[in-house]
Amino acid sequence: MSAALGLLIVRLVVGLTFAGHGTQKLFGWFGGHGLRGTAAWLESIGMKPGLLMALAAGLGELAGGLLFAAGLWVPVAAALIVITMLVAIAAVHGCNGYWVTQNGFEYNLILIAIAVAVALIGPGAYSL
């Protein structure tokens with residue numbers, strides 16, 4: 001029972017936060033820049049076409065986060081989280097070192113570890 005509750009807490013916090021990042025990119029919610037703003041930023045760092053990249057990132061984060069939070073198709077949800085974070089590391093954070101205080105990949109790696117761990121363990125009893 002406590003393991004299932006622990007997995008639920010992890011899935012909800014990580015999944016809903018990840019989905020929130022997707023809504024920032026897609027809709028400009030929670031202080032985000034929306035699809036056009038995200039696309040412009042992605043183009044400015046060399047990721048083209050920016051609109052397609054922003055749409056892919058936003059949808060991957062939104063779908064991956066919601067599936068992860070719900071405990072539904074967790075291997076698919078984890079794959080969406082991992083792929084999105086690997087692209088973020090390769091395109092933005094990897095060259096800055098490990099620590100997030102220097103815009104490094106610490107946060108991205110933690111999300112990857114959580115997603116893989118939950119996919120390996122399973123979503124727990126409180127899941128769809």
Helix 74-88 sits off the longest principal axis of the Cα atoms of the chain, rounded to the nearest 10 on a 0 to 90 degree scale, by 30 degrees
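So for I45, I114, what's the accessible-area order with a 1.4 Å probe, most first? Could the numbers behind the result be given before it?
Values: I45 65, I114 45 Å².
Output order, biggest surface exposure first: I45, I114.
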For the range 11-93 the mean separation of alpha carbon contacts under 8 Å (6+ apart) over residue count, i.e. relative contact order in percent, is 32 percent
Expressed in angstrom, Rg and Dmax over the Cα atoms of the range 50-92 are 10.5, 31
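I need the per residue convex hull volume for the range 1-74, using only the alpha carbons, in cubic angstrom as a whole number. Intermediate results must be reported in sequence, preceding the final value.
Numbers: hull volume 6.0 nm³, N = 74.
Taking only Cα atoms, the range 1-74 has a hull volume of 81 Å³ per residue.
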For K48, K25, the accessible-area ranking with a 1.4 Å probe, largest leading, is K48, K25
Amide H neighbours of G71 at under 5 Å, excluding residues fewer than 5 places away on the same chain, with H built from the backbone geometry, are L128
With bins of 5 Å, the percent of all Cα-Cα pairs of the range 44-128 per bin from 0 is 3, 16, 21, 21, 18, 13, 6, 2, 0
Cα extents of the range 82-125 per principal axis, largest first, Å, are 38, 18, 10
So I45 and H33, fully extended at 0.36 nm per residue minus their Cα-Cα distance, gain in nm 2.8 nm
Relative contact order as a percentage, the range 46-104, C-alpha pairs under 8 Å and 6+ apart, gives 22 percent
Heavy-atom accessible area of S44, protein chains in place, probe 1.4 angstrom, given in Å² to nearest 10, is 90 Å²
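The values are calculated or read from the model by the stated rules, or taken from the named source; none is laboratory data. Quantities reported herein were computed from a predicted structural model and do not represent experimental measurements. Quick note on the areas: whole protein, heavy atoms, side chains included, nothing else; ligands and nucleic acids left out. Shrake-Rupley method; radii C 1.70, N 1.55, O 1.52, S 1.80 Å.
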